[in-house]
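So the structure is just underneath, and the comments pick up after that.
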Amino acid sequence: MSAKKDMEPAGSEIELLQGPALPMTADAILQDFTHYFGRMLGRRTIQTQTPFLYQSVVFAVRDRLMERWGKTRNVLQRDDQRRVCYLSLEFLMGRLLRNALLNLDIEKETDEALSRIGLQLEDIYDREYDAGLGNGGLGRLAACFLDSCATLALPVTGYGIRYQYGMFHQRIEDGYQVEEPDVWLRAGFPWEIERLDFAQTVHFGGRTVAHKDDKGRMQYEWIDTHAVLAIPFDVPIPGYRNEVVNTLRLWSASATNEFDLTEFNAGSYVDAVAAKNAAENITMVLYPNAATENGQELRLRQQYFLASASLQDTLRIWTLDHGEDFSEFAAKNCFQLNDTHPAVAVAELMRLLIDRHNLGWDDAWEITQRTMAYTNHTLLPEALEQWPVAMFRNLLPRLLDIIYEINARFIQEVSQAWPGDTDRLARMSLIAEGSEPMIRMAHLAIVGSYSVNGVAALHSELLVKGLFRDFAELWPQKFNNKTNGVTQRRWLAACNPGLAALISARIGDGWVTELTELAGLAPLADDAEFQAQWRAARLPNKERLAQKIAKKTGVAIDATMLFDVQVKRIHEYKRQLLNLLHAVHLYDRIRRGDGDDLVPRAIIIGGKAAPGYVMAKGIIKCINNVARVINSDPSMSDKLRLVFYPDYNVTAMELICPAADLSEQISTAGKEASGTGNMKFMMNGAITIGTLDGANVEIREAVGADNFFLFGNTVDEIEALRGQYDPGSIIENDVDFKRVMTLIESGHFNRFEPHIFDDMVRSIREPSDAWMTAADFRSFVDAQAAVNDAYKDVAGWTRMSILNSAASGRFSTDRTMRDYNRDIWRLDPIALD
Ligand code: 26Q
């Protein structure tokens, strides 16, 4: 082992960590809370409206994380072990306090401490902002991964961006989505520690010059750049009751002094200040995922900023211990790319190794290919990232050189494998030729990685057969599946304490770290007493959600109704429209007096539309208009409710998933890579109505066909339909469908807003409708009728609910992380003394 083991800059270590650990008692927590509230934040009286109460609790908790954090880092340095950097443009963390208390096992003590001064821990929880540094599934997956890695003691560091503005807030005005900025940092973010000492410089623009060094080797220099400072802010990630605290390192952009000075010396103070702004704009705002956001230069700046700062940080740590010896680097480091968003890291690692550390191309390439691993999250070809070559040349000229060189060598390899197959060469090239040549980031990621994975079995299979077929033929061993999961600590233990307590009372609490133990519930599925307890545990969740909905929307729903829930980003492929057509169908049935055998149902839909996605915004408006008509019709009152839940986010899901009876997972087969909301609902005892898409396939396999409401065309059937799809005649030949369309097209839901739904309705009638909504209408309505009948059988429904929870064991990110570790990462757990 090397002598120099310290990641910290030189200086003697304060014996902080050697002293006695802070007590985890209510007394001590109260004492520390009082210290922070009074001495640090300067407050004398307890006013429940201030953010200071929340902040003081966090500081008291953070102190207890801090000593464990230091120990984890020390052991990591001491053991010089292999580690993973999880590179992601998104970490959708949500609130952190409850999770920290749960994992540290001090929720009771903290509650006790606060109650002594007349405060409620639940109220303090509610004062925390939801850290929304992500769009949806991909960002939340990264957050669940961090929780599971810390719990499994895997040395994984999250690297991301500290956006000043996270995911926008959604307000509904006249039924329309209105976006509002997310000022999550306004009152400070008390979990983070700024590490100015680890700041890195990231370069943009300029040009490259080449010259020969004294040994006659080509040297490349990237000059005349604009430099931006990347400042890391660290967030502690505690494992579940195992003393491990991992790190999420978020980079914030700041102008450098050099940068200011050059501009200033050129004579323009105002330009210098404006340039400072340009630098800091890089981390200003999270891009909401939308086709229209594709190709935005600022987004490429964000991607490179993250990749470069994170790789430089890793190399900084490496050279502290190993100097310029990179022979073991690939054995000790792995970079997991969360989609192609950080894929420029492939070229950036090459640049740093060659230009900064003087490695030759072949050595650098071997290291790169042995350290990078890529996860794909989409099957939509239009969602694959491409960047104009011209933009790269302007912004990252040295990286463009490197990408061209990677491509030249790669094309050589392909033409050796398939001599003369020029079509294949064009298909596989990192550059899409055309009037505007583009860089294909997925190809760069695949070529530069030793592992490429999809996120559900079906998705991974379709990748290899479709989008990435050529690559899978060249390198079959690179491709693998890693089915997604969710962390049961947040998505069951913390968000559904009632059900969690019931489960633990029956089968023990081992499920908190080994979710497959939920299988122990299956034998209880028909036990009448347990069934009653199961319902009794879930009912208050439904009441809580009903109350929240009443408060947010003014719509009253009864907790005994069937809670039929679809919450996720609004996208055509997710088919919120299909759900809406069914709502209109139920409305129509009740109206025409055919609703007697319908169980009372509350259809709850929530989700954000990307601001530039016109159709998605139209869908929200349409849901709200239909909801208004249904909810204001007295004949619907005890039968049907439709609500749009505004501003859906992580915290909302914590309230929603414990209350759902029916989980809507109704994407067009072959379009949803995995889905993860489906897993959260299942864990909490909701039953899925779904297509054979993404992880639904595995959910149905796990729970059994009898406990899943299947409908819709399969991937193969959807493919076979293309070219002969005729929604017009489908509608014409289905009386229910025809009535639904006639209602909508007659303007029944937009009396005073003519034509606003024309485009949407037309999309359903379009033979080229890629989402084939009409093709699945009949089987969806029939499956919903089966749901209706099943819900009437209280014992039968409860049985299905219990069996769903019991079968959700595979869908823990603990399992997902073990799979990544076994097949891709090969990390040893951190060995705390
Ligand atoms: C693209 C261009 C410009 C700006 C932003 C983006 C962008 C941002 C976010 C593109 C895509 C995303 C997010 C994608 C996502 O969340 N995908 C989901 O990932 C989940 C986790 O694997 C899956 O369960 C879902 O099926 C998948 O849709």
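The values are calculated or read from the model by the stated rules, or taken from the named source; none is laboratory data. Bear in mind the structure is a predicted one, so any value in this text is a computation, not a measurement. Cβ sites come from the backbone with ideal geometry, for glycine too, and all protein chains shown count toward neighbours.
Of note:
- Here SER268 does not qualify as modelled with pLDDT of 95 or more, farther than 29 Å from SER451 by Cα and among the polar types (S, T, N, Q).
- Sole residue being exposed (fewer than 15 other Cβ atoms within 10 Å of the Cβ) and more than 16 Å from the ligand (Cβ to nearest atom), chosen from ARG739, ARG722: ARG722
- From the options ARG82, ARG98, residue that is of a type in the set (Lys, Arg), away from the ligand (no atom under 16 Å from the Cβ) and either modelled with pLDDT under 95 or surrounded by 20 or more Cβ atoms within 10 Å (Cβ to Cβ) (or both): ARG98
- The residues of the range 556-574 that are under 19 Å from LYS680 (Cβ atoms) and either free of Cβ contacts under 8 Å to residues at least 24 places away in the same chain or within 16 Å of the ligand (Cβ to nearest atom) (or both), listed by number, are GLN566, VAL567, LYS568, ARG569, ILE570, HIS571, LYS574.
- Hits in the range 90-120 (condition: out of contact with any strand residue (DSSP E or B) (no Cβ under 7 Å at 6 or more places or on another chain), in a helix (DSSP H, G or I) and of a type outside the set (Ser, Thr, Tyr)): LEU97, ARG98, ASN99, LEU101, LEU102, GLU107, LYS108, GLU109, ASP111, GLU112, ALA113, LEU114
- Residue count for the range 183-218, restricted to those that are in contact with a strand residue (DSSP E or B) (Cβ under 9 Å, 6 or more places away or on another chain) and without any contact (Cβ under 8 Å) to a residue 12 or more places away in the chain: 5
- Of the residues ALA457, ALA472, ALA408, the single one that is in contact with a strand residue (DSSP E or B) (Cβ under 7 Å, 6 or more places away or on another chain) and within 26 Å of LEU349 (Cα to Cα) is ALA472.
- Qualifying residue in the range 444-457 (condition: within 16 Å of the ligand (Cβ to nearest atom), over 17 Å from THR378 (Cβ atoms) and in contact (Cβ under 8 Å) with a residue 12 or more places away in the chain): yes
- Whichever residue in the range 157-196 is part of a strand (DSSP E or B) and of a type in the set (Phe, Trp, Tyr) and, among such residues, is farthest from ASN624 (Cα to Cα): TYR159
- Hits in the range 752-800 - residues which are over 30 Å from LEU562 (Cα atoms) and not in a helix (DSSP H, G or I): PHE752, GLU753, PRO754, HIS755, ILE756, GLU766, PRO767, SER768, ASP769, ALA770
- Residue among PHE644, PHE681 that is within 10 Å of TRP491 (Cβ to Cβ), out of contact with any Leu (no Cβ under 7 Å at 6 or more places or on another chain) and hydrophobic (A, V, I, L, M, F, W, C): PHE681
Table: residues versus (1) assigned to a strand (DSSP E or B); (2) among the hydrophobic types (A, V, I, L, M, F, W, C); (3) more than 25 Å from ARG217 (Cβ to Cβ); (4) within 10 Å of the ligand (Cβ to nearest atom).
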position: ALA307; (1), (2), (3), (4): no, yes, yes, no
position: ASP321; (1), (2), (3), (4): no, no, yes, no
position: ALA331; (1), (2), (3), (4): no, yes, yes, no
position: TRP365; (1), (2), (3), (4): no, yes, no, no
position: LEU379; (1), (2), (3), (4): no, yes, yes, yes
position: TRP387; (1), (2), (3), (4): yes, yes, yes, no
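- Subset of the range 689-706 [crowded, with 23+ Cβ neighbours inside 10 Å and away from the ligand (no atom under 16 Å from the Cβ)]: ILE689
- Any hit, the range 615-629, residues being farther than 30 Å from GLN488 by Cα, more than 23 Å from the chain's Cα centre (by Cα) and surrounded by fewer than 19 Cβ atoms within 10 Å (Cβ to Cβ): yes
- Identification of helices (runs of 4 or more DSSP H) wholly contained in the range 488-597 with 2 or more residues that are closer than 30 Å to MET636 by Cβ and not aromatic (Phe, Trp, Tyr) yields 528-553, 576-591.
- Yes/no for VAL643 being of a type in the set (A, V, I, L, M), within 24 Å of LEU379 (Cβ to Cβ) and either crowded, with 20+ Cβ neighbours inside 10 Å or within 29 Å of the chain's Cα centre (by Cα) (or both): no
- Long-range neighbours under 6 Å by Cβ, at least six apart or interchain, first residue in contact (Cβ under 8 Å) with a residue 40 or more places away in the chain within the range 616-632, second among the polar types (S, T, N, Q) and part of a helix (DSSP H, G or I): ILE619/GLN576
- Contacts under 8 angstrom Cβ, first residue in the range 239-252 being among the acidic types (Asp, Glu), partner surrounded by fewer than 22 Cβ atoms within 10 Å (Cβ to Cβ), 6 or more apart: GLU243/ARG68; GLU243/LYS71; GLU243/LEU832
- Candidates ILE731, ILE718, filtered to the one that is in contact (Cβ under 8 Å) with a residue 40 or more places away in the chain and more than 31 Å from the chain's Cα centre (by Cα): ILE731
- Residues that are of a type in the set (Lys, Arg), surrounded by fewer than 19 Cβ atoms within 10 Å (Cβ to Cβ) and either touching an Asp or Glu at 6+ places or on another chain (Cβ under 7 Å) or under 18 Å from SER805 (Cα atoms) (or both), drawn from the range 458-514: ARG506
- When the range 121-143 is limited to residues that are assigned to a helix (DSSP H, G or I) and away from the ligand (no atom under 13 Å from the Cβ), the one that is surrounded by the most Cβ atoms within 10 Å (Cβ to Cβ) turns out to be ILE124.
- TYR163 meets the conditions (1) within 16 Å of the ligand (Cβ to nearest atom); (2) among the aromatic types (Phe, Trp, Tyr); (3) more than 30 Å from THR553 (Cβ to Cβ) in every case but one. The failed one is (3).
- Among the candidates ARG628, ARG700, residue that is touching a Gly at 6+ places or on another chain (Cβ under 8 Å), under 25 Å from ARG171 (Cβ atoms) and either at pLDDT 95 or above or not polar (S, T, N, Q) (or both): ARG628
- Only one of the numbered conditions (1) more than 16 Å from the ligand (Cβ to nearest atom); (2) outside any loop (DSSP other than H, G, I, E, B) is not met by ASP147, and that is (1).
Condition check ((1) touching a Ser or Thr at 6+ places or on another chain (Cβ under 7 Å); (2) surrounded by 13 or more Cβ atoms within 10 Å (Cβ to Cβ); (3) polar (S, T, N, Q)) across all residues:
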| position | (1), (2), (3) |
| --- | --- |
| ASP197 | no, no, no |
| VAL202 | yes, yes, no |
| ASP214 | no, no, no |
| GLN219 | no, yes, yes |
| PRO232 | no, yes, no |
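- Residue count, the range 670-688 (criterion: more than 13 Å from the ligand (Cβ to nearest atom) and farther than 21 Å from ALA652 by Cα): 0
- All conditions but one from (1) over 25 Å from THR378 (Cα atoms); (2) in contact (Cβ under 8 Å) with a residue 12 or more places away in the chain apply to VAL344; the one that does not is (1).
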